[in-house]
Amino acid sequence: MDCPELEALALAHQEGTGEYAEHLASCPDCAGLLEEHRQLEKDLFRLADPQPPADLVARVMERVAAEPLPARVEWRVGLSIVVATLMAAVLSFVATRGPIGLLGASAARALLGWKTALWGLNNAVQLAWSTTAAPLTLSLCLLLFLSLVGLRRVATPRPAQLEVHP
Ligand SMILES: [Zn+2]
């Protein structure tokens with residue numbers, strides 16, 4: 001049997017001329033080779049084009065819109081996180097500084113402390129303020145960070161929702 005070149009076979013197949021159709025039907029060797037060539041070409045195209053399809057964003061948005069999660073519920077969750085964080089902050093202040101009524105007094109004392117330190121009259125007050133305030137500031141920053149992470153979790157769709165099947 002006179003087999004044509006694989007290149008000629010592939011080219012004829014690509015252009016749909018049907019030039020070697022008869023031979024392919026009667027020669028399993030060439031048919032197999034051509035199929036192998038086609039698969040390889042497909043893989044190569046896939047490798048060479050890692051870009052997402054042009055309509056990926058539109059499809060993602062479609063999927064996100066299709067998700068039946070009302071925005072009102074998400075905002076309620078986010079709001080409760082913020083409220084809980086503020087409550088935790090107040091509670092931590094009460095736990096470290098005493099009754100809530102002392103908030104203003106403490107701030108005034110702190111201001112006084114800074115002022116006296118500035119004037120060089122009482123460095124001890126300023127030192128006491130800075131040493132006790134540091135852990136409180138740190139814990140408040142931590143709480144704020146946690147609440148922001150919580151909000152992000154609420155605002156960002158889970159990865160499963162973003163999954164797009166090509
Ligand atoms: Zn052949």
Length released on extending from ALA66 to LEU148, taking residue separation times 0.36 nm less the Cα-Cα span
26.9 nm
If you take the beta carbon distance between LEU79 and VAL57 as r and set R0 to 25 Å, what does 1/(1 + (r/R0)^6) give as a FRET efficiency, to the nearest 0.05?
0.25
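Values in this text are rule-based calculations from the coordinates and carry no lab data. Treat the numbers as computed from the prediction; the structure is a model and nothing was measured. Ideal geometry is used to build each Cβ from the backbone, glycine not excepted, and the neighbour counts take in all protein chains shown.
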